[in-house]
1. Name the single residue, out of those in region 202-227 being surrounded by fewer than 15 Cβ atoms within 10 Å (Cβ to Cβ) and touching a residue at least 40 places away in the same chain (Cβ under 8 Å), that is farthest from SER176 (Cα to Cα).
2. May I ask you to say which residue of GLY6, GLY20 is in a loop (DSSP other than H, G, I, E, B), of a type in the set (Gly, Ala, Ser), in contact with an Asp or Glu (Cβ under 8 Å, 6 or more places away or on another chain) and at pLDDT 95 or above?
3. What pairs come out if I take residues in region 314-325 that are touching a residue at least 12 places away in the same chain (Cβ under 8 Å) and pair them with residues that are surrounded by fewer than 21 Cβ atoms within 10 Å (Cβ to Cβ) and among the aromatic types (Phe, Trp, Tyr) whose C-beta lies under 6 Å away, six or more apart or interchain?
4. Go through (1) within 16 Å of the ligand (Cβ to nearest atom); (2) surrounded by 18 or more Cβ atoms within 10 Å (Cβ to Cβ); (3) of a type outside the set (A, V, I, L, M, F, W, C) one by one and return the number of the condition ARG27 breaks.
5. Given (1) crowded, with 21+ Cβ neighbours inside 10 Å; (2) within 16 Å of the ligand (Cβ to nearest atom); (3) among the small types (Gly, Ala, Ser), where does GLY130 come up short, assuming only one miss?
6. What single numbered condition from (1) within 16 Å of the ligand (Cβ to nearest atom); (2) surrounded by fewer than 20 Cβ atoms within 10 Å (Cβ to Cβ); (3) within 25 Å of GLY271 (Cβ to Cβ) fails to hold for SER65?
7. What number of residues within region 87-115 are modelled with pLDDT of 95 or more, of a type in the set (Asp, Glu) and away from the ligand (no atom under 16 Å from the Cβ)?
8. Regarding GLY236, is this residue under 28 Å from ARG62 (Cβ atoms), touching a strand residue (DSSP E or B) at 6+ places or on another chain (Cβ under 7 Å), without any contact (Cβ under 8 Å) to a residue 40 or more places away in the chain and part of a strand (DSSP E or B)?
Amino acid sequence: MAKIIGKALPNMPWQDKPAGYTKPVWRYDQNPIIPRDLIPTSNSIFNSAVVPFEGAYAGVFRCDSRALEMDIFAGFSEDGINWTINHDPIVFEPAPGCDPVVTEKVYRYDPRVCLIEDKYVITWCNGYHGPTIGVGYTYDFKTFYQCENAYLPYNRNGVMFPRKIGDNYAMLSRPSDTGHTPFGDIFYSESPDMTYWGKHRFVFGTGTSAGWDSKKVGPGPTPIETDEGWLMIYHGVLNSCNGFVYRFGVSLLDIDKPWIVKERGLFYVFGPEKDYELSGDVPNVCFPCATLTDADTGRIAIYYGAADTVTGLAFTTVDELLSYMRKYPNPNFGK
Ligand code: BMA
């Protein structure tokens, strides 16, 4: 049995796998957990990230307004299921030593959050002459600091590792273009200070992948450290005759050199099946941005955006994911 390396989280949201259910990831039976209009100005709340915080939970939420402006908002929950989201978006101060220009806002979307040392580090898709990766942090989800963008445009899906790799901070991302990018591979980058990013490495792409992830792939939630490697849940996109379909699958990356892919699944583990995933502002999208994990039991709760409209919750375990990946391996896993 693979072991999650991390903290116990006995109060995390959880439901057992339904009897007779054969797939590796199952939905919370009261989904969606966050409706599109939880705050008065929102058109949609999706592709959002949560972390354990002060004995409960905090998060950063993508709320598109009723003017369809994309921005990120802080939220709080006692149980990880019922959320209160601030009615005003996050205001960033320049991080110490950073020029105030870093906080000029164009648009912000698809946040990720993870605790690294003493900071909750937030990354998101940040408008700066096109999409790139914004980086910020908070200690308390009240005061937020913004650093330099990690990369030149264009890039989406900046996902930090929850600890340094060697001496450096580490991030996965998906270089892109200005629009609804018709390509996408996963890359790895390092930084000594969260300002200067380099040592860029290719992780894997679509070239040798299966149909469900044949158009683009991108990192999803913060990678989960296990005693067998980094468990990376990633989104994969099919270009169907009816447009893009977003599902997610799993891979295992080397613990010390995470650009080395040890294993990758051939089958997706989760995709649009329910009404709220199949229809909405963008139909046929399940887009994972966060997990909560319990190292004692191997339980994993996955938070995902559904149809670019609402937020869903799903459950699995580290063993469910690894054994499904190994039962249906991708023989050409992406090099
Ligand atoms: C991607 C991003 C996501 C979105 C997805 C499906 O390119 O814009 O925010 O969920 O498309 O529309």
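The values are calculated or read from the model by the stated rules, or taken from the named source; none is laboratory data. Remember, predicted model here, so these are calculated numbers, not experimental data. Glycine gets a Cβ as well: all are built from the backbone with ideal geometry, and neighbour counts include every protein chain shown.
1. Start the filter on region 202-227 by keeping residues that are surrounded by fewer than 15 Cβ atoms within 10 Å (Cβ to Cβ), which leaves 202, 207-208, 211, 227.
Imposing the further condition that a residue be touching a residue at least 40 places away in the same chain (Cβ under 8 Å) reduces the set to 202, 207-208, 227.
Working: PHE202: 14, GLY207: 16, THR208: 19, ASP227: 32 Å.
Ranking the candidates gives ASP227 first.
2. Working: GLY20 fails: in contact with an Asp or Glu (Cβ under 8 Å, 6 or more places away or on another chain).
Of the residues listed, the single one that is in a loop (DSSP other than H, G, I, E, B), of a type in the set (Gly, Ala, Ser), in contact with an Asp or Glu (Cβ under 8 Å, 6 or more places away or on another chain) and at pLDDT 95 or above is GLY6.
3. PHE315/TRP26
4. For ARG27, the failing item is (1).
5. (1)
6. Going through the list (1) within 16 Å of the ligand (Cβ to nearest atom); (2) surrounded by fewer than 20 Cβ atoms within 10 Å (Cβ to Cβ); (3) within 25 Å of GLY271 (Cβ to Cβ), SER65 breaks only (3).
7. Looking only at that region, the number is 3.
8. On the way: under 28 Å from ARG62 (Cβ atoms): yes; touching a strand residue (DSSP E or B) at 6+ places or on another chain (Cβ under 7 Å): yes; without any contact (Cβ under 8 Å) to a residue 40 or more places away in the chain: yes; part of a strand (DSSP E or B): yes.
When the stated conditions are applied, GLY236 passes them.
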